[in-house]
Amino acid sequence: MTHADGGFGPDLVEVFGPRQEDGGPELIQLLSPEGERIHHPEFDMDFSADQLRGFYRDMVLVRRIDVEATALQRHGELGIWAQLLGQEAAQIGAGRAARPQDFVFPTYREHGVAWCRGLDPLKLLGLFRGVDHGDWDPSEYNFSLYTIVIGAQTLHATGYAMGMQRDGVVGTGDPERDAAVLAHFGDGASSQGDVNESFIFAASYNAPVVFFCQNNQWAISEPIERQSRIPLFQRALGFGFPGLRVDGNDVLATYAVTQAALQRARDGQGPTLVEAYTYRMGAHTTTDDPTRYRVSDDVERWKLKDPIARLEVYLKRNGLADEQFFADLAEEAAALGHTLREGCKAMPDPKPLDIFDRVYSETTPELVAQRDGFAAYLATFEGAH
Amino acid sequence: MPEYLLPDVGEGLTEAEIVTWKVKVGDQVAINDVVVEIETAKSLVELPSPYAGEVTAILVAEGETVPVGTPIIAIGAPAEATGEAPESPASDPKADMVIDLSNPAASGGGEGESLVGRNKADRGPTRRARRPLVEAAGERTARADVHDLYNQNATDQHAKVEHIVSAVLGDAEHQARAAGEPTAGPVSLPAETPAATEAAGDVRVLAKPPVRKLAKDLGVDLRSLEPTGPDGTVSRADVEQAAGAPGSDTPTPGGPGYAASGAPGERETREPIKGVRKMMASAMTDSAFSAPHVTEWMTIDATATLDLVARLKERREFKGVKVSPLLVFARAVLLAMRRTPMINSTWDEAAGEVVVKHYVNLGIAAATPRGLVVPNVKDAHALSLVELARAIEELTATAREGRTQPADMASGTFTITNVGVFGVDAGTPIINRGESAILCMGAIQPKPWVVGDQVVPRQVTTIALSFDHRHIDGATGSQFLADVAGIISDPATALLF
């Protein structure tokens, strides 16, 4: 257990084994890339045909939202768009595992989770179009605002989970009442102080939070190998709670693992780190050009692990969905694309004074004075209203 | 009549150049069909049409740079087609739609088949085979099942999913295609290292990423150009000029299709000597006529080396590392140099000295999409076998991707060129400028061989060594070649060094 060069401390390769291209032996999988069901000793589940078709529909529609939004950016209708291509299973699996009473904290790429929480995708487009600040009411969806600051939401999530403990909605044994927090972040954020601090707080207070890390292998242009010497899920042990690595391109496994971790949190047993092992197939955002820093071989390999294709194969091979289902879904996706295009272009530009209504829930006298002053200034322009 | 205004595809970009129109007046386009490729300060981007209908006007010519917000194309309503017929249908709609999605962020998606990848049917089935993946046999079978299922039951929806994936990920294929065509032909002898005479790190050419990409695609070495762009940057025009014909595929000498590249009726094609070719020519001539070359040959039985390679592959340390005969040759060269250090030296004409190096920067000649490059493994003499294997793998992978940096090619002290990969027996290699010797590996093939008094099939190869006869005499060169051959025929003799 010592370094070959005679130094002290454990040899990481001996402790964790050689680097694994495919997620390693700890990768929890219920559906192989070839669309074959795998049985897992701990996390196996039975899925109804309805449930499977539901996952499939979610993923197809979410991919459609993503592709359409990317096109809208190229049409000049959005300022920027953060693509989720390739991460559909990780997001739908996690999003569907959360119950209505759970509270979800997203990054800025959680379009699939937003979809599961019932948020109109047009609300997302408003943020990326720059006509609002992504200001949906978090309490209406139990879905927080998109957070652009990397990793900051994990602190909010941990604080919120500690609040749940104080509200007495954890570990009561009442399934309708017990709640937990689902905190999203990425491999890049795992290097942030915020994320590490939230791990410590969550562990110390045994907070009901599931840290859901979509390891898409890239922090913009920085590969995961430079972010961590050990598999990310292993880090949880150092903080004092369990960590699991799930195939993030396998919607079934992601669902099973996330809902088990959430249940553990709701039961009052504390935090879990779930590392959803996936790949960012697109660019970081529409402003990025990944060909400048990554190898096409990797992309090619991950293409064969497409999350939608493997479930489609499973559905077809087992006769769980007929041609009509796929045809209807195609039509639904096309209609969704149309709705997004038209809806995006129809969004009104914000009024200059709107910003004053969006800062505090109860406006302060000082802010009222500022608003009135600004309104008076605007009124000096011809044609102002 | 809707007009498509040039969007800001980055954050805060003010202008872009129209590079290539993918449609022309009279074409029918659907929403999100790619209509044009533009170049911004950040990248090349393809723009999907926001409108469906007939293209009624192209408002900005290729090569023009216009501000964001400028109308670039007018597209009529689908039913609005006038009686005036377009001059001719698109020459080849498939060719028009061969899209280089070198930037996966480049294109949006769209209305199913109207999205890029219209020609997917052509390339789909072969796409995955082009890049064999490391898979267990059982896995591959399972994949074959998946593919069968796809092919038999592909629904419209599925096609869309596939289209989207292949469109957005198109770069991978494109690059794979490029990498699959070695541009250096069978006469793959090492080029010079262009930066060899300059200090590493001195060579920093300024060019926008799209220009770099263009240069890579056209096989133009940016460092060979006189920058005429703003702030001393190399412009697109510089690259195109160096490449000869703007936008055309410059045939590579000896490359596939060379003979057929002329226009019908043309008995000769004149190609400018520029870019990589020019530099290679200058280096070759310089080396060939300044250093008196002697080449010696040896045909040897490499069976034991192939056995060693097979055994190494089984070892735990070599898991995930590429092990090939080249590795054993590299190691053999490094060991043999201990007895004949003069092989690893430089003739310093100006100083009137021979500089014997106590380190080895081992060059490996690599055929790449942009031509022949010779990156070298720095301080190869200090590496263990597995470290050497990793270093060679990384260096050749980088070279194949066209990402070899000038520093990687500078300061080489000895080169190995492997023409065996082209199935050639051997050749007379030309010494890499600034070095004193080069070893050429030929193909390793089963041939009759005399062992004792029996003729038996053995894995036989021919190796050739060229050395600078100004300071390396025949005895030294022969000793070195014999030592390398000895290790290849019987790797156990490595213990002697």
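All of the numbers you see were taken from the coordinates with simple rules; none came from a lab. Remember, it's a predicted structure, so these values are computed and weren't measured experimentally. Heads up, the Cβs are rebuilt from the backbone with ideal geometry, glycines too, and the neighbour counts pull from every protein chain shown.
Some notes on this structure:
- Peptide A:277-284 is shielded by partner chain Cβ atoms: per residue, an average of 2 of them sit within 10 Å of its Cβ.
- Phi-based couplings in Hz for segment A:237-248 (Karplus 6.51, -1.76, 1.60; Gly and Pro marked x): 4, x, 8, x, 9, x, x, 10, 10, 10, 5, x
- Nearest-0.05 FRET efficiency for A:Asp298 and A:Asp349, computed from C-beta distance (R0 56 Å): 0.85
- Label-point separation, A:His133 to A:Tyr205 (7 Å along Cα→Cβ), nm: 2.4 nm
- Of the DSSP H helices in chain A, those with a Cα length along their own long axis of 15 Å or more and a mean Kyte-Doolittle hydropathy reaching -0.5 comprise A:49-74, A:193-205, A:251-266, A:307-317, A:323-345, A:365-379.
- Under Karplus coefficients 6.51, -1.76 and 1.60, residue-wise ³J(HN,Hα) of segment B:478-491 in Hz, glycine/proline x: 5, 4, 4, 4, 5, 5, 4, 4, x, 5, 5, 6, 9, x
- C-alpha center-to-center spacing [segment B:331-345, segment B:413-465] in angstrom: 17 Å
- Taking 0.36 nm per residue of separation and subtracting the current Cα-Cα distance, fully stretching the chain between B:Gln454 and B:Glu11 would add 152.0 nm.
- Distance cut-off 22 Å, percentage of C-alpha pairs in segment A:249-354 lying past it: 64 percent
- For residues of B:5-11, the mean tally of beta carbons on other chains within 10 Å: 5
- Set of aspartates and glutamates near B:Lys24 by C-alpha distance (under 18 Å), chain-local residues within fewer than 8 positions excluded: B:Glu3, B:Asp33, B:Glu37, B:Glu46, B:Glu54, B:Glu62, B:Glu64, B:Glu80, B:Glu84, B:Glu87, B:Asp92, B:Asp96
- Inter-label distance, B:His469 to A:Glu222: 5.8 nm, where each label sits 7 Å from its Cα along the C-beta direction.
- With the simple model of a label 7 Å out from the Cα in the direction of the Cβ, A:Leu378 to A:Leu122 spans 2.3 nm.
- Listed pairs B:Lys22/B:Lys216; B:Lys319/B:Lys378; A:Lys303/B:Lys322; A:Lys123/A:Lys305; B:Lys213/B:Lys378 exceeding 25 Å between Cα atoms: A:Lys123/A:Lys305; B:Lys213/B:Lys378
- Under 5 Å between amide hydrogens, built in the peptide plane, is the criterion, and for A:Phe143 it picks out A:Val104 among residues at least 5 positions away or on other chains.
- Distant-in-sequence amide H partners of B:Ile73 (H built 1.01 Å from N, under 5 Å): B:Tyr4, B:Leu59
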